[in-house]
Every structure is written in structure tokens, then in C-alpha cells.
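Worksheet: the structure to be examined is printed underneath.
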Amino acid sequence: MISIDHHEDMIVAVVFGEFTLADYREFEELADYKIKVGGPLDLLFDLREMAGFTIDLAVEEIRHSLRHAHDFRRIAILTDDQWVTWSAWISQFFVDAEIQVFDNEEDARLWLETDQQALT
């Protein structure tokens, strides 16, 4: 299950339980729309409550990343899972965005907000 919140140029997604293709498509639809009308985005993915993910989701995530390689500025990932941390490192090969992994939400939000302040 996924919970998505969005602001002007940032999307916050929290995943609970298994992260499925249907969940990712919900995120993808919002991200595609926001990119189309507003340009590059920042993302905060909270994966601390994620129990796992489906293979079709992993394939779609790579496809989406390749389609939007230049459309994300910063991606903050909240997790304490080493596998997710490793996959975030691999994702850097597909996008121009800065990607940071955090285990503390306050630190992740501060990192993203610091970037936002530099843009204004």
C-alpha cells in the first residue's frame, strides 16, 4: 500500500507492506503529471515500513527512471534496509538526481528543504 502527498515541486510517498506495481503506477501517474506541468521534482520515499516489493515493480521503476532521467532534482530515501540502500546506489546510474539514503525523516526533509531554499 502507498500513501502519497505532494506539494508544489515535491512528492512524499510512504510505502506500507508489499510495494506493488499498482502502488508504483499511482506514484508514477502523479509524478508524470507534476513533471509535465511544473518541471523537475524532489522526492521523499519513506520505505521504513515496506515489507518487500514485486519484480514487476522493480522493472517498471527502472523504465520510469530511464524515461525521466533528467526530471528529478533530489531523491531522499528513508530506510534502514541495506538492500534498499544498495538499490538506491544503483539507481544513481539511471537518473541525474542526487540520491541520499536516510534513517531519520527530519534529516531527509532538512536535506530536501535546503535544496528548495537554494532555488528561491
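The values are calculated or read from the model by the stated rules, or taken from the named source; none is laboratory data. Here the structure is a predicted model, which means the values were calculated and not measured. In case anyone asks, the SASA skips ligands and DNA or RNA and just uses the protein heavy atoms, side chains included. Shrake-Rupley method; radii C 1.70, N 1.55, O 1.52, S 1.80 Å.
Just need the Rg to Rh number for region 11-112, please, alpha carbons only, Kirkwood Rh. Write out the running numbers ahead of the final one.
Numbers: Rg = 12.6 Å, Rh = 13.7 Å.
Ratio of gyration radius to Kirkwood radius for region 11-112: 0.92.
Mind checking the full-extension length gain between GLN100 and ALA69? Use 0.36 nm per residue of separation minus the Cα-Cα distance, one decimal, nm.
Details: separation 31, 0.36 × 31 = 11.16 nm, distance 1.63 nm.
So the chain would gain 9.5 nm between GLN100 and ALA69.
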Ignoring ligands, DNA and RNA, what percent of the 1.4 Å accessible area of the chain is carbon and sulfur? 54 percent
Vicinal HN-Hα couplings computed from phi for region 24-40 (Karplus, 6.51 cos²θ - 1.76 cosθ + 1.60; Hz; Gly/Pro x): 5, 5, 4, 4, 4, 4, 5, 4, 4, 5, 5, 5, 4, 8, x, x, x
Karplus (6.51, -1.76, 1.60) ³J(HN,Hα), θ = phi - 60°, over region 42-57, in Hz, Gly and Pro reported as x: 9, 10, 10, 9, 9, 10, 5, 9, 6, 8, x, 8, 8, 4, 4, 5
Taking placed amide H atoms and a strict 5 Å upper bound, the residues 5 or more places from HIS6 or on another chain that come that close are VAL12
CD proxy at 222 nm, helix term only [per DSSP H run n ≥ 4: -39500 (n - 2.57); per residue of the chain; nearest 500]: -15000 deg cm²/dmol
Write down the percent of antiparallel bridges among all DSSP beta bridges whose residues are both part of the chain, to the nearest 5. 25 percent
Please work out how much accessible surface ASP32 shows to a 1.4 Å probe, ignoring ligands, DNA and RNA, in Å² rounded to 10. 50 Å²
